[in-house]
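Undergrad: Shown below is the structure under consideration.
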Amino acid sequence: MGGYGSGRYFRYNTKCTVEDCRSVDANDFARWKMFREGQRYTSTRWTLGDRETGSCGVITQIGDGLTCCAFLFNNRRVPVALSWYAPGYGGRRYFFLCPVCHRRVRTLHFKGRELACRICHNLTYKSCNESHSFDRLYMHMAESFHRDGKGVSWTAVKWYMRNMIRSVNKRPRRPRGRPKKCR
């Protein structure tokens, strides 16, 4: 147990991640003023570095009891209903309704030719697969450390390394008080 290849990170049957899919976010459309009264059209592009990896047309129509959005992707038109609520500070916060499960979500993902939420696509986040990537290293380091003839637990090594990295990355504090005069 626990030998080489027993983890799930590098296996072929791990879940697809959100970062591998193309995503559209309702907050981005609100920032681009797409959720205003009337009909609006724009296109969104996905890039990797300076190379374009995909694009999608977006049509929103808001007004007279009609709030909907349509995505033009791979020569298909995918209609998506919109939902909103009024937060306490004023304005409106918009959400997409997933075309598959009709759940209210902020982000929709394109996986292959399908547009759906993270749960319908069975997606996970990349950080979930990487959360224990250094545990084997910490175990190896713990075996090499000995204090007074006693071994050190790998969780203690993990704690020490995490705190050491935090202290190295910490910004130096600004000195308090008046600066001293130079003579």
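Taken together, the values in this text are just the output of simple stated rules run on the coordinates, not laboratory data. Bear in mind the structure is a predicted one, so any value in this text is a computation, not a measurement.
Undergrad: Nearest 500 deg cm²/dmol is fine: what mean residue ellipticity at 222 nm does the chain get from its DSSP H runs of n ≥ 4 alone, each adding -39,500 (n - 2.57), divided by its residue count?
TA: -6000 deg cm²/dmol
Undergrad: Right, next: Dividing the alpha-carbon Rg of segment 18-127 by 2.2 N^0.38 Å yields what?
TA: Expressed relative to 2.2 N^0.38 Å, the Cα Rg reads 1.07.
Undergrad: For the chain, what's the relative contact order in percent, using C-alpha pairs closer than 8 Å and at least 6 residues apart?
TA: 16
Undergrad: What percentages make up the Cα-Cα pair-distance distribution of segment 52-183 when the bins are 5 Å wide from 0?
TA: Result, from short to long distances: 2, 7, 11, 11, 9, 7, 6, 8, 9, 10, 8, 6, 4, 2, 1, 0 percent.
Undergrad: Report, ordered by chain and residue number, the lysines lying within cross-link reach of K150, taken as a straight Cα distance under 21 Å and ignoring same-chain residues fewer than 8 apart.
TA: K158
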